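Step one of this worksheet: look at the structure below.
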Amino acid sequence: MIAHMTDWIEHFRAAACGLAVAHVWRGHGSALLVELGALTSTTRRDGSPGEPQGEIGLMIEWSWRIEDGRSIVCGSWSDEDLWPPTFAHLLGRTVQNLSMFGRLQEVVLSLAGDLHVASFMTAEGDPAWTLFDRRGPRPVAVGSRSGVIAVER
């Protein structure tokens, strides 16, 4: 078991770097999900096909933005018509870095081509992101809770 916040950050940085963005999709509301590496198909409770999951995943429930080298391309408060072409532009991009910023940890996924996916909570409570590592027999999920990186149960 990884004991320290910096260990979890390094775990996900090492796991994500070099993987390609394989799937980007919209969850409930404005939730953004970025799937990295090899995809695995999923099935919903009703038996219909679900969204595929990557080896590593990033979910930002809300208050996210996608940046290029000079501006914010779109975000959770942007016109939703901007989302699909921007999501498509992320596909196939290789992860260059995964880092944290802010006193209450927010996440930035930096991709080839100077593109960045960042969480940026603007409401009370905790930042609303989760990282998933689905490579092993027991998937691991971590997020920012009460100012620290914590394992999700």
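Couple of notes before you dig in:
- If the condition is being more than 15 Å from Ser110 (Cα to Cα) and either part of a strand (DSSP E or B) or without any contact (Cβ under 8 Å) to a residue 60 or more places away in the chain (or both), then the range 9-26 contributes His23, Trp25, Arg26.
- Where strands (runs of 3 or more DSSP E) fall entirely within the range 27-111, those with at least 1 residues that are touching a Cys at 6+ places or on another chain (Cβ under 8 Å) and surrounded by 14 or more Cβ atoms within 10 Å (Cβ to Cβ) are at 64-67, 95-101.
- Residues of the range 104-153 classified as over 16 Å from Val34 (Cβ atoms), among the hydrophobic types (A, V, I, L, M, F, W, C) and under 16 Å from the mean Cα position of the chain (by Cα), total: 5
- Scope the range 99-132; condition touching a helix residue (DSSP H, G or I) at 6+ places or on another chain (Cβ under 9 Å) and more than 18 Å from Arg145 (Cα to Cα); matching residues: Leu109, Leu111, Gly113, Leu115, Val117
- Cβ pairs under 7 Å, 6+ apart, first in the range 129-144 and at pLDDT below 95, second of a type in the set (S, T, N, Q) and in a loop (DSSP other than H, G, I, E, B): Ser144/Gln105
The values are calculated or read from the model by the stated rules, or taken from the named source; none is laboratory data. What you are looking at is a predicted structure, and each value in this text was computed from that prediction instead of being measured. Ideal geometry is used to build each Cβ from the backbone, glycine not excepted, and the neighbour counts take in all protein chains shown.
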